[in-house]
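Undergrad: This is the structure I have questions about; it appears just below.
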Amino acid sequence: MGNTITVRDIDPGDKAWLRREARHTGVSMEEFVRRLIRERRRNAVGGARPSEVFLRYFGSEYGVELPEPSRHGYRPFAFEDEGEGEV
């Protein structure tokens, strides 16, 4: 059983480009997209720092931000009870 991906609202110009490139290569549009994805993944392996990957998947647009960098990497979070020290 294979996986199916449906791309909605694709730009007609992009779809036409995919169709032309696939025809020129002699493969189906689906196979051409698979090859593009494989090539992109192969080129991306090991290219990004962990903090860049974190930002890509959990960045500010998703409501998560990395702490400010300190001299030796990231400052650890300190959870303090506001009531500590009070009697």
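Undergrad: Among all residue pairs at least 6 apart or on different chains, which show Cβ distances below 8 Å where the first residue, located in region 43-64, is aliphatic (A, V, I, L, M) and the second is assigned to a loop (DSSP other than H, G, I, E, B) and surrounded by 10 or more Cβ atoms within 10 Å (Cβ to Cβ)?
TA: What qualifies is 55/66.
Undergrad: Please go through region 1-24 and pick out each residue that is assigned to a helix (DSSP H, G or I) and loosely packed, with under 10 Cβ neighbours inside 10 Å.
TA: 12, 13, 24
Undergrad: Name the single residue that is nearest to residue 7 (Cα to Cα) among those in region 25-52 being more than 13 Å from the chain's Cα centre (by Cα), surrounded by fewer than 10 Cβ atoms within 10 Å (Cβ to Cβ) and of a type in the set (Gly, Ala, Ser).
TA: 26
Undergrad: Can you name every residue in region 1-60 that is at pLDDT 90 or above and among the small types (Gly, Ala, Ser)?
TA: Selection gives 13, 16, 22, 26, 28.
The values are calculated or read from the model by the stated rules, or taken from the named source; none is laboratory data. Values in this document were obtained by computation on a predicted structure and should not be read as measured data. All Cβ positions, glycine included, derive from the backbone under ideal geometry; neighbour counts span all protein chains shown.
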